[in-house]
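Notes to accompany the following structure.
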Amino acid sequence: MNIIMHDLAGADPALRFSPYCWRIRFALAHKGLPVETIAWRFTDKAAIAFSEQERVPVIRDGDTVVSDSWAIAEYLDKQYETPTLFGGAAGRAHARFVNAWADSIMLGGIARLIVRDVLDIVDAKDRDYFRKSREERFGVSLEDVQMERESGVSRFRETLQPLRLVLRQQNWLGGAAPSYADFIVAGTLMWPRCCSRFAVLAGHDPLNAWFERVLDLFGGLGRAARRP
Ligand SMILES: N[C@@H](CCC(=O)N[C@@H](CS)C(=O)NCC(=O)O)C(=O)O
């Protein structure tokens, strides 16, 4: 039986834009596990009530339900040992740092660049909820959050310098082969790619070469993703 995953979608059900869900799409593909995704909207809380929380990704694997992308990655690596996502306990510990860094520094930085654009692609029934919940979080309007993005984008790009320094030495964050650390960062970059036409990476950024390699993995899974 295929694994089922509730996956955040926009007004266009083919537009899948959650950074956390993308991490798991890549992780499942890495394991060679077929997945059936179910389009989920921010306000479809009842559809995932069985997981006893309100966010996606949520996977159902037979009788097992797991939510939270990190917990799902750990579950997958335990349940389906090879090919490994983490490369052992030390790799998992390092990936935990990458996860925390991506969640705090990368996602926060990207939100300031594209959060108003997200409003344009969410389903009509999610629009009020999305605006209200995100404006409460930022304390200003979505328009104001994103207003200074042309000048602010360079600050975001500077925060990615550790990635450049590592990827100058090796092809993947996982070393010689991609690991969950690559999927965390690439999944995070799928969010702006699938929500906005704003370029969060400069054209000359060496990170593009690595991101293009990720987009080509698994038969071009990331590259084929619907974009606005
Ligand atoms: N820590 C969770 C975060 C999941 C999360 O925040 N997902 C977003 C979609 S990108 C969500 O479901 N948001 C629901 C909401 O804002 O109400 C993970 O890693 O999976």
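Here H6, H204 are placed in order of increasing Cβ neighbour count within 10 Å, fewest first, which gives H204, H6. Taking region 1-45 and a reference point 7 angstrom along Cα→Cβ of E135, the backbone N atoms nearer than 20 Å belong to 42-43. The listed peptides 188-196, 206-214, ordered by packing as a protection proxy, come out as 188-196, 206-214 (highest mean of other Cβ atoms within 10 Å first). Put the Cα centre of region 24-91 next to the Cα centre of region 147-200 and the gap is 22 Å. Our summary gives region 1-99 a relative contact order of 30 percent, counting only alpha carbon pairs under 8 angstrom and 6 or more residues apart. As a proxy for reagent exposure, D117, D216, D182 were ordered by neighbouring Cβ count within 10 angstrom, fewest first; the result is D216, D117, D182. Beta bridges assigned by DSSP with both partners in the chain are antiparallel in approximately 60 percent of cases. The DSSP beta bridges internal to region 1-132 are antiparallel in roughly 55% of cases.
Please compute the net charge surrounding L201, taking Lys and Arg as +1 and Asp and Glu as -1 over other residues with Cβ under 11 Å from its Cβ. Result for the neighbourhood of L201: +1. In order along region 148-163, the Karplus-derived 3J(HN,Hα) couplings, from 6.51 cos²θ - 1.76 cosθ + 1.60 at θ = phi - 60°, round to 9, 5, 4, 8, x, 5, 5, 5, 4, 4, 4, 5, 8, 4, x, 5 Hz, and Gly and Pro are given as x. When only Cα pairs below 8 angstrom with a gap of at least 6 residues are kept, region 89-218 shows a relative contact order of 33 percent.
Amide H to amide H distances under 5 Å link V58 with H6, where only residues 5 or more positions off or on other chains count and H is placed in the peptide plane. Converting the Cα gyration tensor eigenvalues of the chain into ellipsoid dimensions via √(5λ) gives semi-axes, longest first, of 26, 24, 15 Å. Dividing the helix sum by the residues of the chain, where each DSSP H run of 4 or more adds -39500 (n - 2.57), gives a mean residue ellipticity at 222 nm of -16000 deg cm²/dmol. Between the amide H of S18 and those of L8, distances stay under 5 Å, these residues lying 5 or more places away or on another chain, with hydrogens modeled in the peptide plane.
Note on K132: lysines with a C-alpha under 26 Å away, same-chain residues under 8 apart excluded, are K45. In this label model, R164 and S104 are separated by 2.3 nm, measuring between points 7 Å along each Cα→Cβ vector.
Mean sequence separation of contacting Cα pairs (under 8 Å, at least six apart), scaled by the length of the chain, corresponds to a relative contact order of 26 percent. As a rough footprinting exposure proxy, the listed residues L173, L142 were ranked by other beta carbons within 10 Å of their own, and the order from fewest upward is L142, L173.
Answer rounded, prolate or oblate for region 89-218, using the Cα gyration tensor with square roots of eigenvalues a ≥ b ≥ c: rounded when a/c is under 1.5, else prolate when a/b is larger than b/c, else oblate. Taking the square roots of the gyration eigenvalues as a ≥ b ≥ c, region 89-218 is prolate. Once you sort the root eigenvalues of the Cα gyration tensor of region 3-79 as a ≥ b ≥ c, which label holds: rounded (a/c under 1.5), prolate (a/b larger than b/c) or oblate (the other case)? Oblate shape, in that a/c is at least 1.5 and b/c is the bigger or equal ratio. Backbone phi angles across region 217-228, fed through the Karplus curve with coefficients 6.51, -1.76 and 1.60 (θ = phi - 60°), yield HN-Hα couplings of 4, 6, x, x, 3, x, 5, 7, 4, 4, 10, x Hz in residue order; Gly and Pro are listed as x.
Every read-out reported here was derived from the displayed coordinates using simple, explicitly stated rules and does not represent laboratory data. On a predicted model such as this, the values are computed, not experimentally measured, just so you know. Note: ideal-geometry Cβ built from the backbone for every residue, glycine included; neighbour counts use all protein chains shown.
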